[in-house]
1. Give the residues of region 2-37 that are outside any strand (DSSP E or B) and open to solvent by 30 Å² or more (accessible area, probe 1.4 Å), sorted by residue number.
2. Please pick out the residue among Phe220, Phe171 that is touching a Ser or Thr at 6+ places or on another chain (Cβ under 8 Å) and either hydrophobic (A, V, I, L, M, F, W, C) or under 18 Å from Ile285 (Cα atoms) (or both).
3. Hey, does region 402-417 have a residue that's of a type in the set (A, V, I, L, M, F, W, C), open to solvent by 20 Å² or more (accessible area, probe 1.4 Å) and in contact with a strand residue (DSSP E or B) (Cβ under 6 Å, 6 or more places away or on another chain)?
4. Looking at region 376-394 only, could you name the residues that are surrounded by fewer than 24 Cβ atoms within 10 Å (Cβ to Cβ) and either among the charged types (D, E, K, R) or in a loop (DSSP other than H, G, I, E, B) (or both)?
5. Return the pairs, sorted by first residue and then second, in which the second residue is open to solvent by 70 Å² or more (accessible area, probe 1.4 Å) and part of a strand (DSSP E or B), the first residue lies in region 20-41 and is touching a residue at least 24 places away in the same chain (Cβ under 8 Å) and over 22 Å from Tyr450 (Cβ atoms), the beta carbons are less than 7 Å apart, and the residues are 6+ apart or on different chains.
6. Inspect region 320-333 for any residue being within 17 Å of Pro177 (Cβ to Cβ) and buried (at least 23 other Cβ atoms within 10 Å of the Cβ) and give the result as yes or no.
7. Does region 252-269 contain at least one residue that is at pLDDT 95 or above and farther than 18 Å from Gly225 by Cβ?
8. What are the residue pairs meeting all of these: first residue in region 407-432, first residue closer than 15 Å to Arg13 by Cβ and part of a loop (DSSP other than H, G, I, E, B), second residue open to solvent by less than 60 Å² (accessible area, probe 1.4 Å) and acidic (Asp, Glu), Cβ atoms under 7 Å, and 6 or more apart or on different chains?
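The values are calculated or read from the model by the stated rules, or taken from the named source; none is laboratory data. Owing to the predicted nature of the structure, the values given are computational and were not obtained by experimental measurement. Cβ placement follows ideal geometry from the backbone for every residue including glycine, while neighbour counts extend to all protein chains displayed. These accessible areas exclude ligands, DNA and RNA; they are computed on the full protein's heavy atoms, side chains included. Shrake-Rupley method; radii C 1.70, N 1.55, O 1.52, S 1.80 Å.
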Amino acid sequence: MRFSIADIAFFERPVKLRMPFRFGVATLTEAPQAFVRARIRLENGREAEGGAAELLAPKWFDKDPALTDEQNFDQLRASLSLARDAYRAAGENTAFGHFIDAYGPQIAAGATRGLNRLVACFGPALIDRAALDALCRALGISLYEAMRRNVPGIAAPAGEDDLLPFDMDGFLAGLNPRQAIAARHTVGLADPITHAEKKLDDGLPESLDEVVQRYGHRWFKLKVGGDAAADVERLSAIAAVLDRIGEPYHATLDGNEQYADVEGIVTLWARIREQPRLKRLASSIVFIEQPIKRSAAAAEDVSALAREKPLIIDESDDSLEAFARARRLGYTGVSSKTCKGVYKALLNAARCRLWNIEEGANRYFMSGEDLTVQAGLALQQDLALVSLLGLTHVERNGHHYVNGMAGLPPAEQRAFLRSHDDLYEHSHGAVRVRIANGELQIRSLGVPGYASAVLPDWNSMGRTQ
């Protein structure tokens, strides 16, 4: 199914956090959320619109401490502008064809503007989703049906030789989206662990013990900060709360590139294992995410540590070939994030399937990670992707750090609640994500379009660029 891009428009909304989110070198208190509206024109002349949204998160894509948050925002806006110019000039193509034809030139154009590859790929990631949403709406089919039929035309890209023998159509046809998924709760570096440390009085859970009681989580993502001694002490405080859970719980560690080299994270893991108070927590950890800086992650072998706990790349996943390179260094997993691209995630999932078949073991895997994804279009599109990939749990934190849809017009809140009442509820004055027994119900995402029966109220936002 071929189409051209008739128009692309950008919008933004301010997002203020109800509590600070500290991860890596950043402490996030507010940031704009970018929205893309794309209008496509099919070969028969029919037109349709679709949308996508993503937070302009500072100090994740580019962690240069010399850059201000506003400069980080402008980098991501520049990526969007470059991608818009390329997609509008591209003529007719398949959805995947638009992506892959723009992929190399976008990275090259970004480099001339001082944008690293992760930043450069941000713009196409949003435009691809908006265009795919429009295509699904035009055809009256869900994302799930579109992928199972390979309507986007996904194929092994030129140069990705490891995927050439893979049956992509068969792989996509066999994807079976889930109806519910476990929410893996993020414990940020500044989050209160017990209610005695609370600072807010808004009726919503703030501390880890309150979160466990309110939502019933059994999956957790624990941030570490690059200082092994301090990290062990904080993990011990977290374990004191989690160990009160009667049934089994599971956790992942996220380094956000805070350890300079593999020796640092090996030291942390050894200290965790030698602590009796961390015995249950250590046994609950299923993988370690991007513990070392991306410059070292691209060069240092982690196989020895990976034999004890699987390691995944996240920030290092900055290109289509990144996972294949990381595999050679001992990494066995890679994150899925819509901000890095739907097609990249699907290609990496195909790699996992192919490599596991080749090795005769389920060694390679995808994880679902969060970028403070906001309720509404951004959340639903990310959930639909990880559901399509068959993941059983996904990191979720946007609902915790932000007061739901409180910043949206009331009519827009009601529209999302009405159309997706399994995923949302109304409480404490706003529509917000519903989590019960640690799970998100996502059956309603299988609607025509990319996971949403509702588009944002474009008129309520500021149009940019």
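1. Answer for region 2-37, where residues must be outside any strand (DSSP E or B) and open to solvent by 30 Å² or more (accessible area, probe 1.4 Å): Arg2, Val25.
2. On inspection, the qualifying residue turns out to be Phe220.
3. Yes, there is a match, as at least one residue in region 402-417 is of a type in the set (A, V, I, L, M, F, W, C), open to solvent by 20 Å² or more (accessible area, probe 1.4 Å) and in contact with a strand residue (DSSP E or B) (Cβ under 6 Å, 6 or more places away or on another chain).
4. Matches in region 376-394: Leu389, Gly390, Leu391, Thr392.
5. The qualifying pairs are Pro20/Thr27; Pro20/Thr29.
6. no
7. For region 252-269, residues at pLDDT 95 or above and farther than 18 Å from Gly225 by Cβ: absent.
8. Pairs found: Pro409/Asp457.
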